[in-house]
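The structure appears right after this line, and notes come after that.
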Amino acid sequence: MPDSTSTTDGAPRVLVIYTGGTIGMKPDDNGTMGVQKGHLESVLQKCRAFDHPKIPRYSIIEFDPLLDSSDVGPAIWNRLAAEILRNYYDYEGFVILHGTDTM
């Protein structure tokens, strides 16, 4: 039985869970930074370093709507835990991206 945590090329898989925050912000026409659905993934797809065979493959789950980190608390923490549990056997690692107020 194939290892479900590896891709067909044998690379390990990492699930990125993006809740919102500066890392995925993009300037609008006026130069004001704001979160934009899909922007983080489009930036990562342009990063050729992820094409290297020794780099794990990643998938992204993006919260909808993306959250201001000051709005993240126990209910969202539970949602994050549930997302990891739901995907636990399909990935070798998990990365949660959130804003600095969440810390």
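The values are calculated or read from the model by the stated rules, or taken from the named source; none is laboratory data. Note that the structure is predicted; figures quoted are calculated from it, not measured. Positions of Cβ are backbone-derived with ideal geometry, glycine not excepted, and every protein chain shown enters the neighbour counts. When the accessible area is computed, the model is the full protein with side chains, heavy atoms only, and any ligands, DNA or RNA have been set aside. Shrake-Rupley method; radii C 1.70, N 1.55, O 1.52, S 1.80 Å.
Restricting things to alpha carbons, tell me how big the chain is in terms of Rg and Dmax, in Å.
15.1, 53
Give the aspartates and glutamates whose C-alpha is closer than 17 Å to that of residue 37, dropping any in the same chain fewer than 8 places away, or say none.
28, 29, 62, 64, 68
Give me the distance in nm between label points sitting 7 Å out from Cα along the Cα-to-Cβ direction at residue 92 and residue 42, one decimal.
Each label point is offset 7 Å from its Cα along the Cβ direction, giving 3.1 nm.
Of the heavy-atom accessible surface of the chain (probe 1.4 angstrom), what whole percent is carbon and sulfur? Write out the running numbers ahead of the final one.
Values: 3920 of 6940 Å².
Here carbon and sulfur together make up 57 percent of the probe-accessible area.
Pop out the ³J(HN,Hα) list for region 76-86 in order, Karplus 6.51 cos²θ - 1.76 cosθ + 1.60 with θ = phi - 60°, rounded to Hz; leave Gly and Pro as x.
Residue by residue, region 76-86 yields 6, 4, 5, 4, 5, 4, 5, 5, 5, 4, 4 Hz.
Over the Cα atoms of region 47-92, what is the Rg over Rh ratio if Rh follows Kirkwood?
Numbers: Rg = 14.1 Å, Rh = 13.0 Å.
Rg divided by Rh gives 1.08.
Taking the alpha-carbon distance from residue 54 and a cut-off under 20 Å, which lysines remain once sequence neighbours fewer than 8 residues away in the same chain are dropped?
Cross-link targets: 46.
What number comes out for accessible area per residue over the chain if the probe is 1.4 Å? Units Å², please. The partial results should precede the final answer.
Values: 6940 Å² over 103 residues.
For the chain, the solvent-accessible area averages 67 Å² per residue.
Could you calculate the contour length gain from residue 9 to residue 82, that is, 0.36 nm times the residue separation minus the distance between their Cα atoms, to one decimal place in nm?
Details: separation 73, 0.36 × 73 = 26.28 nm, distance 2.83 nm.
Extending this stretch completely gives an extra 23.5 nm.
Let me check something: with ligands and nucleic acids excluded, how do 25, 33 order by accessible area (1.4 Å probe), largest to smallest? Present the calculation step by step, with values, prior to reporting the outcome.
Numbers: 25 60, 33 100 Å².
Ranking 25, 33 by accessible area, largest first, yields 33, 25.
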